[in-house]
Amino acid sequence: MKKTLSTMLALGMVLTLTACGASGSGSSASNSTPASATASASVSASKDNPVSDPTAVATEASVIEDFKQAQQCWFKLEGALSTDSSDTKSGTINGYSSEFFRVNEPGIGSYDDLLEYVSQYVDTSFAEDVINNDEKFMNADGALYMCPAGRGDDMSISWVEFSANLNGDSGSVAVTIHRQDFFDSLGDWYETGDIDQHEFPFTVEDGHAVFSSMEYICGPAPEEAPAEGHDASSLDLALLGKLQGKWFCSDDSYIEINSDGSFETYTAGEKTASGYIETSRGDDGSYLMAGEGFSNTFFELGTDDDGTPVLLFDGGGTVYTLAGQG
């Protein structure tokens with residue numbers, strides 16, 4: 001689904017996780033200890049555990065769904081657990097002083113509850129290590145507290161591909177993220193052509209994938225198909241379309257650019273060169289001209305002081321203005 005500018009403005013403010021360290025000067029609570037202080041060596045899955053099903057049989061499709069659930073779990077772990085802001089404690093964890101709110105997420109009121117929840121999706125020892133080294137969590141009076149944090153959508157994600165390699169009781173889920181950017185000159189989101197690739201190994205327990213490591217990268221329900229007309233090739237066409245027309249210079253030369261990026265240059269009415277223009281796929285308006293009788297030349301699309309579109313060569317030393325607007 002194509003994301004709008006209003007969506008960007010609404011969510012872009014919460015793209016990053018709000019750090020909990022060194023945010024306050026309150027004294028440490030006398031009964032507060034790091035989360036590891038009350039941890040048991042291991043936690044078995046609850047009988048009500050929704051992912052614990054001895055009759056289940058893992059498939060490539062099911063382990064991908066398990067990964068999506070693990071992403072939802074990690075989203076909560078990084079700051080989306082429900083808390084009671086009226087029940088707070090001041091404390092210091094790993095040298096960082098913060099104000100902590102009591103966790104009141106359904107089914108999660110203690111460290112053991114949190115570890116049991118996370119261990120549904122990732123290896124227990126990995127979950128313990130992450131939680132114990134995370135300054136967001138603190139135990140006090142037998143309850144779990146968490147410092148305020150927030151996490152929003154990563155607006156640079158256009159769509160995501162998942163694949164699974166399942167070999168008996170182990171395997172891995174591969175995630176390919178296709179990146180996008182908002183192009184001011186186009187007023188919309190387009191894929192940039194950049195991709196990120198991640199791989200998460202797992203073992204099968206009770207028919208479900210339990211991952212040996214995890215990080216929050218795309219959420220539980222990302223778009224899994226590209227938005228029509230907004231892929232990287234469409235971006236090139238849209239950027240080239242901004243150049244279409246005749247551009248005149250004060251020295252009586254002009255450049256005629258077509259919608260597909262082909263161009264011809266003229267001086268005193270005589271054709272002097274032709275070729276094609278390539279885009280940088282960036283939002284800086286930079287392009288490369290190359291062709292017969294024309295050496296590789298970079299230029300930028302910009303505007304003059306009056307807002308008129310111009311092509312800038314030689315760092316602005318040579319300027320071409322769009323016909324009818326100069």
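The values are calculated or read from the model by the stated rules, or taken from the named source; none is laboratory data. Given the structure is predicted, the values throughout are model-derived calculations rather than measurements. Methodologically, a virtual Cβ is constructed for each residue, glycine included, from the backbone with ideal geometry; neighbour enumeration extends over all protein chains shown.
So for the range 91-101 (the condition being assigned to a helix (DSSP H, G or I), among the acidic types (Asp, Glu) and either buried (at least 18 other Cβ atoms within 10 Å of the Cβ) or on the phi < 0 side of the Ramachandran plot (or both)), does at least one residue qualify?
Scanning the range 91-101 turns up no residue that is assigned to a helix (DSSP H, G or I), among the acidic types (Asp, Glu) and either buried (at least 18 other Cβ atoms within 10 Å of the Cβ) or on the phi < 0 side of the Ramachandran plot (or both).
So Pro226 clears everything in (1) at pLDDT below 95; (2) part of a strand (DSSP E or B); (3) not hydroxyl-bearing (Ser, Thr, Tyr) except one condition, right? Which one?
Checking Pro226 against (1) at pLDDT below 95; (2) part of a strand (DSSP E or B); (3) not hydroxyl-bearing (Ser, Thr, Tyr), the one that fails is (2).
Return a yes/no flag: does the range 57-73 have any residue that is of a type outside the set (Phe, Trp, Tyr), in contact with a helix residue (DSSP H, G or I) (Cβ under 8 Å, 6 or more places away or on another chain) and modelled with pLDDT under 90.
Taking every residue of the range 57-73 in turn, none turns out to be of a type outside the set (Phe, Trp, Tyr), in contact with a helix residue (DSSP H, G or I) (Cβ under 8 Å, 6 or more places away or on another chain) and modelled with pLDDT under 90.
Looking only at the range 241-256, which residues are farther than 23 Å from Asp181 by Cβ and not in a loop (DSSP other than H, G, I, E, B)?
Result: Gly245, Lys246, Trp247, Phe248, Ser253, Tyr254, Ile255, Glu256.
Test of understanding: among Ser286, Ser233, which residue is under 33 Å from the mean Cα position of the chain (by Cα) and closer than 30 Å to Val175 by Cα?
Ser233
When both residues are 6+ apart or on different chains and their Cβ atoms are under 8 Å apart, which pairs have a first residue that lies in the range 278-302 and is over 19 Å from Ser259 (Cα atoms), and a second that is surrounded by 15 or more Cβ atoms within 10 Å (Cβ to Cβ) and among the acidic types (Asp, Glu)?
Close Cβ pairs satisfying both conditions: Asp284/Glu300.
Quick one: Asn167 ticks every box in (1) surrounded by fewer than 18 Cβ atoms within 10 Å (Cβ to Cβ); (2) in the same structural domain as Cys218 (by TED's automatic domain parsing); (3) more than 17 Å from Tyr216 (Cβ to Cβ); (4) in contact with an Asp or Glu (Cβ under 8 Å, 6 or more places away or on another chain) except a single one, so which number is it?
(4)
Name the one entry in Gly187, Gly168, Gly142 that is within 20 Å of Phe67 (Cα to Cα) and out of contact with any strand residue (DSSP E or B) (no Cβ under 6 Å at 6 or more places or on another chain).
Gly168
Checking Thr55 against (1) surrounded by fewer than 20 Cβ atoms within 10 Å (Cβ to Cβ); (2) closer than 25 Å to Gly219 by Cβ, which single condition isn't satisfied?
(2)
Mind telling me which of the residues Ile177, Ile131 ends up being touching a residue at least 40 places away in the same chain (Cβ under 8 Å) and in a helix (DSSP H, G or I)?
Being touching a residue at least 40 places away in the same chain (Cβ under 8 Å) and in a helix (DSSP H, G or I) holds for just one of Ile177, Ile131, which is Ile131.
Would you be able to say whether some residue in the range 260-279 is assigned to a loop (DSSP other than H, G, I, E, B), in contact with a Gly (Cβ under 8 Å, 6 or more places away or on another chain) and modelled with pLDDT of 90 or more?
Taking every residue of the range 260-279 in turn, none turns out to be assigned to a loop (DSSP other than H, G, I, E, B), in contact with a Gly (Cβ under 8 Å, 6 or more places away or on another chain) and modelled with pLDDT of 90 or more.
Report, by residue number, each residue of the range 197-223 that is touching an Asp or Glu at 6+ places or on another chain (Cβ under 6 Å) and either in a loop (DSSP other than H, G, I, E, B) or assigned by TED's automatic domain parsing to the domain that holds Phe299 (or both).
Residues satisfying the conditions are Asp206, Gly207, Ser212, Tyr216.
For Tyr121, which of the numbered conditions (1) surrounded by 22 or more Cβ atoms within 10 Å (Cβ to Cβ); (2) among the hydroxyl-bearing types (Ser, Thr, Tyr); (3) more than 23 Å from Asn167 (Cα to Cα) fails to hold?
Every condition holds for Tyr121 apart from (3).
Among the residues of the range 298-326, what is the count of those that are part of a strand (DSSP E or B) and not aliphatic (A, V, I, L, M)?
Qualifying residue count, the range 298-326: 10.
Of the numbered conditions (1) under 27 Å from Asp206 (Cα atoms); (2) at pLDDT below 90, Phe126 fails exactly one; give the number of that condition.
The number of the failed condition is (2).
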